[in-house]
1. Can you give the relative contact order of region 40-113 as a percent, counting alpha carbon pairs under 8 Å and 6+ residues apart?
2. Given Val146, Gly70, Phe98, which one lies farthest toward the positive end of the charge dipole of region 38-178, if we put +1 on the Cβ of every Lys and Arg and -1 on the Cβ of every Asp and Glu?
3. Could you grab the relative contact order for region 38-178? Cα pairs under 8 Å, six or more apart, rounded to a whole percent.
4. Quote the charge dipole size of region 38-178 about the Cα centre in Debye, to the nearest 20; the model charges only the Cβ of Lys and Arg (+1) and of Asp and Glu (-1).
Amino acid sequence: MVYVYTILLQSGGPGWDVPKGRKDGRISKASETIQLPSPSFNVSQLQKSFSQRGLSLEDLVALSGGHTLGFSHCSSFRNRIHNFNATHDVDPSLNPSFASKLKSICPIRNQIKNAGTTLDASSTTFDNTYYKLILQGKAIFSSDQVLIDTPNTKNLVSKFATSQDAFYKAFVKSMVKMSSINGGQEIRKDCRVVNLIS
Ligand code: HEM
Ligand SMILES: *[C@@H]1O[C@H](CO)[C@@H](O)[C@H](O)[C@H]1NC(C)=O
Ligand SMILES: *[C@@H]1O[C@H](CO)[C@@H](O)[C@H](O)[C@H]1NC(C)=O
């Protein structure tokens, strides 16, 4: 997450103070990363995953706005554009022309290593474009698109699509909340590596 903070600040988005250093783990367990939410989760699965970390539905919608920045590999959304299910080749919640574009970037037999696409059209600018794209059926991950499937989450998506200021305020509030999630062992001196024990 420290990495995400850095790009946010470089991309002209909101800045904020984090109350205390975030504690990171000293070891990385595959069994723990398995608990990360999947990009194919529905709203109830996302809500469960966030509530297990003390985060609300509003935090879910605000923090998903982190997808205003960055890139995704084909592997993270290919199930939406090829053999989606027994009746639909393509996820019907995808805008059809957008789905065609994704198919051309990620053909069924993709030969290009690291192929993929930016998460929104202004992927280096921290703005509310992500929410506008969800309303148009142009979200990359199913976990983003499903945020309009329930009335509560849809209202928040519409609110953030209409008001960048409301998005910034909610995002900062939820980032501060997320940064104080307990569970780590130490505050790192260098965010990329565990501290040396001397
Ligand atoms: C809601 C649950 C979330 C899911 C299911 C999810 C899923 C993903 C996936 C699958 C990728 C692309 C990985 C790849 O193919 O390379 C990604 C990228 C990214 N996510 Fe999330 N994410 C979630 C929440 C968040 C949150 C809370 C933030 C930050 C506040 C965030 C920020 C990012 C950023 C910045 C990238 C781009 C990274 C890059 O360019 O390398 N995501 N996410
Ligand atoms: C979400 O997915 C879970 C697990 O597949 C399923 O049990 C549940 O019914 C789904 N909820 C909705 C609202 O689709
Ligand atoms: C395929 O997905 C669509 C949209 O989610 C759904 O309406 C349809 O019932 C699904 N078909 C099957 C066979 O699961």
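1. On the way: 26 pairs, mean separation 12.9, N = 74.
Reported as a whole number, the value is 17 percent.
2. Farthest towards the positive end: Gly70.
3. Working: 183 pairs, mean separation 47.4, N = 141.
Relative contact order of region 38-178: 34 percent.
4. Working: 15 positive and 9 negative charges, 45 e Å.
The calculation lands at about 220 debye.
Values quoted throughout were computed directly from the atomic coordinates according to the rules given, and no laboratory measurement underlies them. As the structure is a computational prediction, the values presented were derived from the model and not from experiment. Methodologically, a virtual Cβ is constructed for each residue, glycine included, from the backbone with ideal geometry; neighbour enumeration extends over all protein chains shown.
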